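A short write-up of the structure that comes next.
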Amino acid sequence: MTGASPRPAVRLGDISADLARLRRRGFLRRALSLGGLSLLTGCDLSTHSGVDAALEAMLRFDDRVQAALFDSQRMAETYPASAITHPFRFNAYYAEWQVRPTPDHWQLSVGGLVRDKSPWPLPALMALPQQSQITRHICIEGWSQIGQWRGIPLHRFLRRIGADLSARYVAFRCFDGYSTSIDMASALQSQTILALDFETRPLTPQWGAPLRLRIPTKLGFKSAKNLEAIEVTNKYPGGYWENQGYDWFAGV
Ligand SMILES: Nc1nc2c(c(=O)[nH]1)N[C@H]1C(S)=C(S)[C@@H](COP(=O)(O)O)O[C@H]1N2
Ligand SMILES: [Mo]
């Protein structure tokens, strides 16, 4: 970090409390973006301590963070297999005992500004070309972990269904009641995938079975698990946390 006056070390628990306070003040809606975080804090978001430092530094920010740059070509850092976090944490807005198994006869619905609205059964999705990534998952609550996912690049899927790529948003609906949405430029970024596998095995329910979004250029809450529908739209879709004040863009 640069230009910061000395400050006592801040523990992650304290940061979470501070984040909750800032969130209440509407701060996160205006200020929190990963791009702004790394740029304005000078913190390295490729290490756990760097992320902690960035979250801490963010607490000192004001509206200047809004000037955060957006660069759709920006790549999220990737890591070797040795860096994978074990055990990998599970996170959701509901309690663990409520984890939803995949519904019988599950298929992925696609809708909105797309040419082909046929739903996708799992075997059809599994037959599409896939790519693997080892990337860092950063949760707004103040922790991060490195995981490995494999799946269908979203830009390929969107082209395959004849999506209007000039539309503004791609929205995701999940069968646990969760939802989120992203901008089209981020949807088309090459590391944004519809993941089927986690750590070389099919996703299990708590980590998003049978299909989840994995978008390493954004904060963890954008990586929607347990998907049931994708919609391409020009109408702002919001999302579960976004509707409660989380920064909508939430990424680099
Ligand atoms: N369907 C669904 N997706 C979700 C969530 C959720 O509650 N439900 N939580 C989000 C949040 S806040 C985080 S940090 C990540 C957690 O992913 P993980 O359980 O693989 O660590 O999932 C995101 N996607
Ligand atoms: Mo999160």
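The values are calculated or read from the model by the stated rules, or taken from the named source; none is laboratory data. Note that the structure is a prediction, hence the values are computed from the model and not measured. Every residue, glycine among them, receives a Cβ derived from its backbone with ideal geometry; neighbour counts consider all protein chains shown. Remember, those area values only see protein heavy atoms, side chains included, never the ligands or the DNA or RNA. Shrake-Rupley method; radii C 1.70, N 1.55, O 1.52, S 1.80 Å.
Quick look at the values:
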quantity: Test: A209 is within 16 Å of ligand 2 (Cβ to nearest atom), within 26 Å of Q145 (Cβ to Cβ) and in a loop (DSSP other than H, G, I, E, B); calculated: no
quantity: Residue ID - surrounded by the fewest Cβ atoms within 10 Å (Cβ to Cβ), chosen from residues in region 123-148 that are within 11 Å of ligand 2 (Cβ to nearest atom) and not in a strand (DSSP E or B); calculated: E141
quantity: Residue that is nearest to ligand 2 (Cβ to nearest atom) [pool: residues in region 225-240 that are of a type outside the set (A, V, I, L, M) and open to solvent by less than 10 Å² (accessible area, probe 1.4 Å)]; calculated: G239
quantity: Filtered residues of region 185-198 (kept if out of contact with any helix residue (DSSP H, G or I) (no Cβ under 8 Å at 6 or more places or on another chain), in a helix (DSSP H, G or I) and open to solvent by 10 Å² or more (accessible area, probe 1.4 Å)); calculated: A185
quantity: Any chance G151 is in a loop (DSSP other than H, G, I, E, B) and either more than 16 Å from ligand 2 (Cβ to nearest atom) or over 20 Å from L128 (Cα atoms) (or both); calculated: no
quantity: Residues that are modelled with pLDDT of 85 or more, open to solvent by 40 Å² or more (accessible area, probe 1.4 Å) and part of a helix (DSSP H, G or I), drawn from region 54-98; calculated: A81, S82
quantity: Odd one out for A250 among (1) within 15 Å of ligand 2 (Cβ to nearest atom); (2) surrounded by fewer than 17 Cβ atoms within 10 Å (Cβ to Cβ); (3) on the phi > 0 side of the Ramachandran plot; calculated: (2)
quantity: Cβ-Cβ under 9 Å pairs, at least 6 apart or on other chains, region 155-184 side basic (K, R), far side in a helix (DSSP H, G or I); calculated: R168/M184
